[in-house]
Each structure stands twice: as structure tokens, then as C-alpha cells.
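Would you mind keeping the following structure in view while I ask a few things?
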Amino acid sequence: MKGYLVLEDGTVFEGMPFGFSKDVIGEVVFSTGMTGYQESLTDPSYCGQILVSAYPLVGNYGVNKGDSQSGKVQVWGYAVREACGHPSHRDSRGTLDSFLASDQVPGIQGIDTRELIRKLRNSGTMMGGITAGDPEGMLERVRKARHPELSNLVAAVSTGKVLRFPRPGAKRVVVLDCGVKEDIMRELRERFDVVQTPFDIGADAVRDLSPDGIFITNGPGNPAHPEMMEKTVSTLARLKEELPMMGICLGNQLLALMMGARTFKLKFGHRGINQPVGFEGRVLITSQNHGFAVDRASAEDAGLDVTFTNLNDGTVEGIRHCELPIFSVQFHPEAHAGPLDSRFLFDRFKDMLEGD
């Protein structure tokens with residue numbers, strides 16, 4: 001059976017379908033990581049997107065019980081050069097094909113991913129669709145489709161209720177869940193008494209939880225979506241002078257917006273596990289997954305210090321308030337997959353709450 005990945009500019013890539021059999025339309029993005037496909041597939045930040053893997057062989061070590069970053073596959077579609085059907089690893093519990101099929105996510109393999117990624121780098125991310133049917137019909141549907149970012153994707157991946165993870169004697173942190181990765185939660189649970197809340201919790205409800213600090217997580221979509229501005233950013237603004245705050249990825253952007261800075265969409269985003277970031281005279285190799293960034297000039301005008309800088313393109317990778325105990329980073333210090341160069345930032349947040 002033939003499958004097709006159709007881009008909004010009319011380009012058609014022919015391959016073979018795998019995973020679940022259905023048509024899907026989303027924003028086509030790519031990741032350069034050689035490993036970590038299970039973590040990427042289950043990262044809620046990929047909600048609304050068709051992910052393309054730059055590394056040509058995917059699935060060779062199968063899938064396991066420990067690497068998933070949420071309870072299901074979050075990407076809307078997956079495109080690879082070759083999906084290994086016979087994985088070899090002692091911890092493997094299944095194939096990539098069965099993993100996608102179990103969560104009803106379609107994939108396509110056998111396409112020229114190198115050509116596809118060169119197109120996305122040159123033209124920028126674009127809408128696309130995966131189908132095993134008529135590619136011309138899919139092109140028409142893609143061009144008429146509503147862009148996922150016009151919806152509040154965070155609402156689809158945030159927790160629907162308050163969850164508690166007690167740690168006696170530790171400082172209490174309220175986690176505003178915008179689509180949090182499991183390994184971020186693991187890092188926080190090791191250090192804090194954690195209360196995980198929906199993204200749209202109000203300021204008074206946060207106060208009722210008696211926190212010592214607030215943590216804002218990663219997540220999908222446009223940080224300046226009206227619902228995010230009305231709810232999450234508004235809540236942060238009401239609490240900014242009361243509690244220390246730390247943000248990661250989308251959390252970095254939301255904190256910047258809360259302080260009056262602006263965000264913008266990158267041409268093709270940063271998605272991979274080897275992005276160099278400059279910090280305090282050294283270079284950190286970081287794991288990243290984002291399509292938006294904070295505008296540097298507006299951040300400085302808003303009284304923020306730009307503390308981290310991407311050494312590939314000069315974009316903002318982290319900010320700190322000049323007076324209040326608030327800081328955030330655009331990359332993922334928990335990594336998984338990726339290097340742990342910046343894991344110490346969780347300890348800095350802990351020290352901030354403990355007054356060290």
C-alpha cells in the first residue's frame with residue numbers, strides 16, 4: 001500500500017504507511033535527535049504537529065516502559081525514512097509500528113526525509129497531511145485546514161484536576177501544567193512537595209494551595225493565544241510579586257509575556273538534543289523543542305535580563321527578572337532525551353525557595 005505526505009505548497013512525498021491507518025492534517029516540523037524518538041512522540045509539546053525525524057533509522061531499539069513523557073503518543077503524525085520492524089534492546093516491549101497503532105496515530109516511512117527537512121529549513125514549517133488515499137484530495141484539504149495554533153492546544157494536554165505529590169519537609173511548588181513532560185515532574189518530585197494544577201487555575205486558587213513557589217511547564221501552541229493570555233498569563237501577573245517562579249519552554253514564553261515582552265514564531269523552530277546555549281561564560285549542550293521564542297529587545301525593555309543565548313542563531317534561551325525571584329529557560333534542563341548539562345537549574349530553583 002502506498003502512503004503520501006502532502007505539503008501545503010503542493011509537494012508530495014510518496015512512501016508506505018505504518019502505525020494506525022487514518023488521514024491526519026497538522027503542522028509539519030522536524031527533530032534532529034539521533035535518539036529519543038519515544039520521548040519525542042509522547043511529549044505533549046508536539047500536540048498538533050506531524051513530526052519528521054532527521055535520523056534515517058527509527059525504532060531500532062523499540063519502545064519501553066520508562067521513556068514515555070506522557071500517557072500516550074501526542075504527535076498527530078510521524079514521518080521517517082525507515083521504521084525498524086525488528087528492534088533489538090533488552091528493555092524493548094514492542095515496535096514503533098505497534099506503539100503508534102495503539103494510540104491511533106498514523107505514520108509514513110520510505111520518504112526522502114533529507115529532502116523534506118531541507119524544504120522546511122528553506123521555506124519554514126508548513127501545514128501538511130498524511131494519507132493512504134488520494135494525494136490531490138489531501139492537498140485541497142490541507143490548504144483549507146485550520147492551523148492547529150489557532151486553537152488552544154494547551155487545553156488538550158493539561159491535567160483536568162489538581163494532583164498532589166507530597167514530600168514531607170520540602171518546599172511546596174504549584175506546577176501550572178501546560179503539557180508537562182514526565183521527566184520534568186520527576187525532577188520536581190525529587191526536590192519539592194508538588195501540586196500539579198490545570199493551566200487555567202486562578203490566582204486565588206493558587207494562594208489557597210499555600211505554595212512556596214510556582215513552576216510553569218512546557219506545552220504546545222502559541223504562547224500569546226488569547227485564552228493563554230486571559231487565564232495563565234493573567235494568573236502569573238497577579239502572583240508575580242508574591243511568589244518565586246521558574247518556567248521551562250512554553251513557561252519561559254508565558255513569563256516573558258507576563259512581564260510585558262513579546263514572542264514570535266521561529267522559521268522552523270529548535271527541535272533536537274544538541275543545541276548550544278551560552279551561559280555565564282560557558283557553553284551548555286541542551287535538549288530543545290519549541291517553535292516560538294522571546295523577542296530580545298522587548299524583553300530588555302520589560303526589565304528582564306537575557307541570561308541564556310542560543311549560539312546557533314542568537315535567539316533568547318532564558319531570562320531573569322532584574323528584581324523579583326523569577327527566571328526561566330527556553331530549553332529542557334531535564335533532557336530525556338539529551339545531555340544533562342543544565343540539570344542544575346532545578347537545584348537553583350530549590351535554593352531560591354530555601355533562601356540560599
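The values are calculated or read from the model by the stated rules, or taken from the named source; none is laboratory data. Since the model is a prediction, treat every value here as computed from it, not as a measurement. Here Cβ is always computed from backbone atoms with ideal geometry, including for glycine, and neighbour counts include all displayed protein chains.
Take the conditions in a helix (DSSP H, G or I) and among the small types (Gly, Ala, Ser) and apply them to Ala170. Does it pass?
Values: in a helix (DSSP H, G or I): no; among the small types (Gly, Ala, Ser): yes.
When the stated conditions are applied, Ala170 does not pass them.
In the stretch 1-27, what residues are in a loop (DSSP other than H, G, I, E, B) and buried (at least 22 other Cβ atoms within 10 Å of the Cβ)? Write out each step before concluding.
Let us first name the residues in the stretch 1-27 that are in a loop (DSSP other than H, G, I, E, B), namely 1-2, 8-11, 20-23.
Within the stretch 1-27, no residue meets the criteria.
Residue pairs, Cβ under 7 Å, 6 or more apart or interchain, first in the stretch 4-16 and in the same structural domain as Met126 (by TED's automatic domain parsing) and over 18 Å from Lys144 (Cα atoms), second among the small types (Gly, Ala, Ser) and at pLDDT 95 or above. List them.
Listed pairs, sorted by first residue: Gly15/Gly3; Gly15/Gly110; Met16/Gly3; Met16/Gly110.
Of all the helices (runs of 4 or more DSSP H) wholly in the stretch 39-147, which have at least 3 residues that are in the same structural domain as Gly291 (by TED's automatic domain parsing), touching a residue at least 40 places away in the same chain (Cβ under 8 Å) and out of contact with any Lys or Arg (no Cβ under 9 Å at 6 or more places or on another chain)? Quick ask: steps written out before the conclusion?
Values: elements: 96-102, 113-123, 135-144.
Per the criteria, no element qualifies.
Residues of the stretch 199-218 being of a type outside the set (S, T, N, Q), in contact with a Leu (Cβ under 9 Å, 6 or more places away or on another chain) and closer than 25 Å to Arg348 by Cα, which ones?
Phe199, Ala203, Val206, Arg207, Pro211, Asp212, Gly213, Ile214, Phe215, Ile216
Let me ask something else. Scan (1) part of a helix (DSSP H, G or I); (2) more than 20 Å from His321 (Cα to Cα) for the single condition Gly269 breaks and write down its number.
So Gly269 meets the others, but not (1).
Just to verify a result, which residue in the stretch 182-224, among those that are aliphatic (A, V, I, L, M) and part of a loop (DSSP other than H, G, I, E, B), is farthest from Gly355 (Cα to Cα)?
Taking the stretch 182-224 and keeping what is aliphatic (A, V, I, L, M), we get 184-185, 188, 194-195, 201, 203, 205-206, 209, 214, 216, 224.
Now restrict to residues that are part of a loop (DSSP other than H, G, I, E, B): 201, 209, 224.
Values: Ile201: 27, Leu209: 20, Ala224: 32 Å.
Ranking the candidates gives Ala224 first.
Against the definition (hydrophobic (A, V, I, L, M, F, W, C), assigned to a strand (DSSP E or B), touching a residue at least 24 places away in the same chain (Cβ under 8 Å) and under 30 Å from Leu120 (Cα atoms)), how does Ala261 come out, yes or no? Lay out the reasoning, then the answer.
Values: hydrophobic (A, V, I, L, M, F, W, C): yes; assigned to a strand (DSSP E or B): no; touching a residue at least 24 places away in the same chain (Cβ under 8 Å): yes; under 30 Å from Leu120 (Cα atoms): yes.
Taking the combined requirement at face value, the residue does not satisfy it.
Being assigned to a strand (DSSP E or B) and among the polar types (S, T, N, Q) is the filter here, so list the residues in the stretch 28-38 that pass it. Working first, answer last.
So in the stretch 28-38, the residues assigned to a strand (DSSP E or B) come out as 28-31.
Correct list: Ser31 only.
Working only within the stretch 171-219, note down all residues that are of a type in the set (A, V, I, L, M, F, W, C), within 23 Å of Leu41 (Cα to Cα), within 17 Å of the chain's Cα centre (by Cα) and buried (at least 22 other Cβ atoms within 10 Å of the Cβ).
Within the stretch 171-219, Val175, Leu176, Cys178, Val180, Ile184, Phe199, Ile216 qualify.
Any residue that is of a type in the set (A, V, I, L, M), in contact (Cβ under 8 Å) with a residue 24 or more places away in the chain, crowded, with 19+ Cβ neighbours inside 10 Å and over 26 Å from Arg348 (Cα atoms) - is there at least one of those in the stretch 220-232? Even if it seems obvious, please write down each step before you answer.
Kept after step one, since they are of a type in the set (A, V, I, L, M), are these residues of the stretch 220-232: 224, 228-229.
In the following step, the residues that additionally are in contact (Cβ under 8 Å) with a residue 24 or more places away in the chain were identified as 224, 228-229.
Filter once more, keeping what is crowded, with 19+ Cβ neighbours inside 10 Å: 228.
Okay, now just the ones that are also over 26 Å from Arg348 (Cα atoms), so 228.
Looking through the stretch 220-232, at least one residue is of a type in the set (A, V, I, L, M), in contact (Cβ under 8 Å) with a residue 24 or more places away in the chain, crowded, with 19+ Cβ neighbours inside 10 Å and over 26 Å from Arg348 (Cα atoms).
Table: residues versus (1) touching a residue at least 24 places away in the same chain (Cβ under 8 Å); (2) surrounded by fewer than 16 Cβ atoms within 10 Å (Cβ to Cβ); (3) not assigned by TED's automatic domain parsing to the domain that holds Gln38.
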{"residue": "Arg282", "(1), (2), (3)": "no, yes, yes"}
{"residue": "Asn289", "(1), (2), (3)": "yes, no, yes"}
{"residue": "Asp305", "(1), (2), (3)": "no, yes, yes"}
{"residue": "Glu323", "(1), (2), (3)": "no, yes, yes"}
{"residue": "Ser328", "(1), (2), (3)": "yes, no, yes"}
{"residue": "Pro339", "(1), (2), (3)": "yes, yes, yes"}
